[in-house]
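Enquirer: What follows is a structure written as structure tokens; I'll ask about it next.
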Amino acid sequence: ITNGVLGLGKVFGQDELVRKLLGCLNDEWEPKVTAIEESKDLKTMEIEELLGSLMTHEVKLNKKSANLVERKPQEERRKDIALKSTHKEEMSSEEELEEED
């Protein structure tokens with residue numbers, strides 16, 4: 001978009017480009033946008049630095065979502081194992097009661 005506007009004669013400064021890029025991100029990125037706005041001087045921040053920070057955040061988000069997908073089957077297996085062991089304990093208690101009788 002900025003390149004198209006540049007062709008029409010509008011020149012954006014680095015700070016304007018940084019602000020526009022941060023402004024076009026969706027709600028999922030809001031915590032990162034807020035952190036960047038509060039911790040960095042947007043007037044001196046370069047586009048490359050901003051893109052590097054956003055790309056790093058995206059990689060972390062992707063790893064986190066991949067870990068959640070991998071954990072789900074493991075958690076289900078753990079539940080199955082826990083249910084089986086509980087069931088065995090109940091059976092052994094019942095068997096002990098029968099033996100006592």
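Enquirer: Can you give me the P(r) profile for segment 14-70? Cα pairs, bins 10 angstrom wide beginning at 0, each as a whole percent.
Expert: 22, 52, 19, 6, 0
Enquirer: Shifting gears a bit: By the scheme Lys and Arg +1, Asp and Glu -1, what is the net charge of all other residues having a beta-carbon under 10 Å from that of GLY13?
Expert: Details: positive: ARG19, LYS43; negative: ASP15, GLU16.
In short, 0.
Enquirer: So with the 1.4 Å probe, I'd like the accessible area per residue for segment 14-70, rounded to whole Å².
Expert: Numbers: 4160 Å² over 57 residues.
Using a 1.4 Å probe on heavy atoms only, each residue of segment 14-70 averages 73 Å².
Enquirer: Students often get this wrong, so check it: of LYS40/LYS60; LYS43/LYS64; LYS10/LYS40; LYS10/LYS64; LYS10/LYS60, which have C-alpha atoms separated by over 28 Å? Show your work: numbers first, answer last.
Expert: On the way: LYS40/LYS60 20 Å; LYS43/LYS64 32 Å; LYS10/LYS40 26 Å; LYS10/LYS64 40 Å; LYS10/LYS60 35 Å.
Check vs 28 Å cut-off fails for LYS43/LYS64; LYS10/LYS64; LYS10/LYS60.
Enquirer: Same structure again: Considering only protein heavy atoms and a probe of 1.4 Å, how much of the accessible area of segment 11-73 is carbon and sulfur, as a whole percent? Let's see the in-between values first.
Expert: On the way: 2480 of 4640 Å².
Carbon-and-sulfur percentage of accessible area, whole number: 53.
Enquirer: What number comes out for the charge environment of LYS60, summing +1 per Lys or Arg and -1 per Asp or Glu over other residues with Cβ under 15 Å away?
Expert: On the way: positive: LYS32, LYS63, LYS64; negative: GLU28, GLU58.
Computed value for this residue: +1.
The values are calculated or read from the model by the stated rules, or taken from the named source; none is laboratory data. None of these values were measured; they are calculated from a predicted model. Quick reminder, even Gly has a Cβ in these numbers, built from the backbone with ideal geometry, and neighbours come from all protein chains shown. Ligands, DNA and RNA are stripped out before the accessible areas are found, and what is left, the full protein with its side chains, is counted by its heavy atoms. Shrake-Rupley method; radii C 1.70, N 1.55, O 1.52, S 1.80 Å.
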